[in-house]
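Below you'll find the structure, written out as structure tokens, and then a few comments.
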Amino acid sequence: MLYREAGQFKTTYAADQQVFPIRQDRIGVIALLVVAFVGVPLFASEYWFSAILIPFLIFALAALGLNVLTGYAGQLSLGSAAFMAVGAYAAYNFQLRVEGIPILVSFICAGLTAAGVGILFGLPSLRIKGFYLAVATLAAQFFIVWCLTKFPWLSNNSSSGVISTQRLIIFGYELTTPVEKYLLVLSIVVVLAMAAKNLVRSATGRAWMAVRDMDVAASVIGIKLMPTKLLAFAVSSFYCGVAGALYAFCYLGSVEPDGFSLDMSFKILFMIIIGGVGSIMGSFLGAAFILLLPIFLDVALPFVAELFGLPFSSATVSHIQITVFGALIMFFLIVEPHGLARLWQIAKEKLRLWPFPH
Amino acid sequence: MSKKIGDVILDLQNISLRFGGVKALTDISFDVRQHEIRAIIGPNGAGKSSMLNVINGVYHPQEGKIFWHGNERKRMEPHMAAQQNIARTFQNIALFKGMSVLDNIMTGRITKMKANFIEHALWFGRARKEELEHRQKVEEVIDFLEIQHIRKTPVGRLPYGLQKRVELGRALAAEPSMLLLDEPMAGMNVEEKQDMCRFILDVNDQFGTTIVLIEHDMGVVMDISDRVVVLDYGKKIGDGVPDEVKNNEDVIKAYLGAGH
């Protein structure tokens, strides 16, 4: 009932083209931001920050990156974790080797490094599509992890490529507590998410979607396929790279190349499939879903087992988790290929008319 | 006819196109004059669509020369056609299914937008200004085609006839000097065909756009086109004003078959 746009007339194109044309949406987003920036730091516990909220934001950022590439530009990639690894190791090396570089600048440089690597591995997309491109990006996944293990220089000669990140100092203030790290991650994610939203609603985003939906028609209209696809790879890898740097610096504190495995790439891919391919919000929903589901199952499964008096071990929990994930992904691919974001959109459309059928 | 037909703007000379051993087009020559409606007709598989693909650079003919405004065209890529102000629609609708009508038509103006992706990301400067300016132009196209009520609808949800109209809109948004239409009326009912004819004639008349058209509905072709080229098995068998073509022996044979 409250979600109505009746009486909200648009008299200029600017008003019609804003990100959230409906007033209730604007209020909702502002409320959400206030809760995230003010409410959550006041009430959440340390466990929530370091085990749930920070990884959620970081993976949402990586999923956002992959969504730009796969959801908007239509180029399937299995190398997201590798681009995160590039970001993590690049940020570490910039901190290590460039005297007095501010941490935020090294995060940006890490993103740019990942973007460069992304362009390189995006070159095959000019000739191949779909599954074959996925295989080409799979090469990125294995090659980059191999590189980071093989060349000790990249991890400053540490054994098996493990790096421990430097201290987080911003404008002379050191961030040590989870709350501070959470606020840093949140700020970066909010800024980058807004930039992504602007990109996809502009001519750049339209060019990506045109290439995704019908590349011949796109080129006839005057879109140059090569720069468009490579830009998508660059932007996507930039996001993954920044996510990787945050993953190392704000979440784990010490990472190894094997941590950025194919499993992680798949996890990010599942996030966008479940959350919504081609949706900014879907990236967040998917990340939340994939990260919270295991925690939920951890809590719920022993309880259910006890209810039915079944024997139970922690191995069973992880097996069931995998089964549930597989089933959910099949469910979404068949029933709702556009994911949670589409369900949310349908709910909103229904709500606008409720209680009337039309 | 009151309208003024101008000089030759597109001149195709001895075009031959092969795919391996298959000859799609053999030694075809014809020209298109400014401001005319030029139809290309012929039975299925005659090479009509290939001809359009040659004109806008999707296919590269092995032999022959193409002159655009008097200059010979050498290397040609599809996106260069857009820069030369040639727009087209496709036989099987080639809209961007995941985007709204508005976004589809906005995409038609993409070559006219100059802001780079960093400006887009920051929604700053030219990005913001262009988005509004071009929206204005796009709304004019939407008004012209009478599709105001569906501007926010994803094109995948629209019925066939409207999709065809949106595709015409996307081509018109580029303000082309030449418009290539590949069977704009295929699969339409009489009413939709009438609308489409009206739009084509209006575009030709109001904007002075030159139109090259492939169409199977002979009534429509003979009514609206100024000159007609007839292809059969990749060869040109007739060329001239509709009445001339209608009475051409070879054309009648190609359509009705020989030996009756």
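Structural descriptor for chain B: relative contact order 27 percent, calculated from alpha carbon pairs under 8 angstrom and at least 6 residues apart. Put +1 on the Cβ of every Lys and Arg and -1 on every Asp and Glu Cβ in chain A; which of A:ILE52, A:GLY253, A:ALA193 then has its Cα farthest towards the positive end of the dipole? Value: A:ALA193. Each of A:TRP208, B:TRP68, A:TRP153, A:TRP48 was scored by other Cβ atoms within 10 Å of its Cβ. Listed from fewest to most, they are A:TRP153, A:TRP48, B:TRP68, A:TRP208.
Legend: translational diffusion of segment B:139-216 by Stokes-Einstein, Rh = Kirkwood radius over C-alpha pairs, 37 °C, 0.692 mPa s; D = 256 µm²/s. Once you order the gyration tensor axes a ≥ b ≥ c over the Cα atoms, which shape class does segment A:243-358 get: rounded for a/c under 1.5, otherwise prolate or oblate by comparing a/b with b/c? Verdict is oblate for segment A:243-358. Against the empirical 2.2 N^0.38 Å (N residues), segment A:6-64 has a Cα radius of gyration ratio of 1.58. Note the angle between two axes, namely the Cα long axis of helix B:160-173 and the longest principal axis of the Cα atoms of chain B, as a number of degrees from 0 to 90, rounded to the nearest 10. Between the helix axis and the principal axis of chain B, the angle is about 80 degrees.
Across all directions, the average flat footprint of the convex hull enclosing the Cα atoms of segment A:100-190 is 8.2 nm². Across peptide A:46-59, the mean count of Cβ atoms from other chains lying within 10 Å of each residue's own Cβ comes to 0.
Cross-link reach is defined here as a Cα-Cα straight distance under 23 Å, omitting same-chain residues fewer than 8 places apart; for B:LYS23 the lysines meeting it are B:LYS48, B:LYS65, B:LYS74, B:LYS235, B:LYS236, B:LYS253. Across every direction, the projection of the convex hull enclosing the Cα atoms of segment B:1-106 has a mean area of 9.0 nm².
When you restrict to C-alpha pairs under 8 Å that are six or more residues apart and normalise by the size of chain A, the relative contact order lands at 29 percent. Computed across the protein assembly as shown, the Kirkwood hydrodynamic radius from all distinct Cα-Cα pairs reaches 27.4 Å.
What is chain A by shape, rounded, prolate or oblate, if you read a ≥ b ≥ c off the alpha carbon gyration tensor as root eigenvalues and call it rounded for a/c under 1.5, prolate for a/b larger than b/c, and oblate otherwise? Rounded, since a/c falls under 1.5. Cross-link reach is defined here as a Cα-Cα straight distance under 13 Å, omitting same-chain residues fewer than 8 places apart; for A:LYS129 the aspartates and glutamates meeting it are A:ASP213, A:ASP215.
The Rg/Rh ratio for segment B:191-236, using Cα coordinates for both the radius of gyration and the Kirkwood hydrodynamic radius, is 1.01. Proximity of backbone amide H atoms, modeled 1.01 Å from N, is registered between B:LEU213 and B:ARG38, B:ALA39, B:ILE40, B:LEU181 at under 5 Å, excluding neighbours fewer than 5 places apart on the same chain. Taking the charge dipole of the protein assembly as shown about its Cα centre, with +1 at Lys and Arg Cβ atoms and -1 at Asp and Glu Cβ atoms, the residue from B:ALA81, B:VAL221, A:PHE238 reaching farthest to the positive side is A:PHE238. A Förster distance of 41 Å, applied to the separation of the beta-carbon atoms of A:VAL299 and A:PHE9, puts the FRET efficiency at 0.25. Rounded to the nearest 20, the size of the Cβ-charge dipole of chain A about its Cα centre is 1060 debye, with Lys and Arg at +1 and Asp and Glu at -1. Rounded to the nearest 20 debye, the dipole size of segment B:107-260 about its Cα centre is 900 debye, using +1 on the Cβ of Lys and Arg and -1 on the Cβ of Asp and Glu. Simple rule: put +1 on each Lys or Arg Cβ and -1 on each Asp or Glu Cβ in chain A, find the dipole, and look at A:ALA347, A:GLY275, A:VAL38; the Cα lying farthest toward the positive end is A:ALA347. Residue order for A:ASP263, A:ASP215, fewest other beta carbons within 10 angstrom first, comes to A:ASP263, A:ASP215.
Footprinting exposure proxy ranking of A:THR323, A:THR11, B:THR210, fewest other C-beta atoms within 10 angstrom first, gives A:THR11, A:THR323, B:THR210.
Quick one, can you get me the convex hull of the C-alpha atoms of chain B expressed as volume per residue in Å³?
149
Oblate is the label for segment A:42-91. Its Cα gyration tensor axes, ordered a ≥ b ≥ c, give a/c of at least 1.5 and b/c at or above a/b.
Only Cα pairs under 8 Å and at least 6 apart count here; give the relative contact order of segment B:157-224 as a rounded whole percent.
Value for segment B:157-224: 38 percent.
Considering only A:VAL29, A:VAL145, A:VAL105, the Gaussian network model of chain A with Cα springs below 10 Å gives its largest mean-square fluctuation to A:VAL29.
Projected label points at B:GLN148 and A:GLU306, each 7 Å from Cα along the beta carbon direction, are separated by 6.5 nanometres. Working note: Cα atoms of segment A:304-358, range along each principal axis, descending, whole Å: 52, 25, 13.
Computed across segment A:25-143, the Kirkwood hydrodynamic radius from all distinct Cα-Cα pairs reaches 16.6 Å. Convex hull volume of the C-alpha atoms in segment B:172-255, normalised per residue: 108 Å³. Run down the lysines and flag those whose C-alpha is under 17 Å from the C-alpha of B:LYS112, throwing out any fewer than 8 positions away in its chain. Result set, ordered by chain and number: A:LYS224, B:LYS129, B:LYS137. For segment B:5-90, a simple Cβ point-charge model (Lys and Arg +1, Asp and Glu -1, everything else neutral) yields a dipole of about 240 debye relative to the Cα centre.
Rule-based calculations on the coordinates, nothing more; no lab input. Treat the numbers as computed from the prediction; the structure is a model and nothing was measured. Counting neighbours? That spans all protein chains shown, and the Cβs are built from the backbone with ideal geometry, glycine included.
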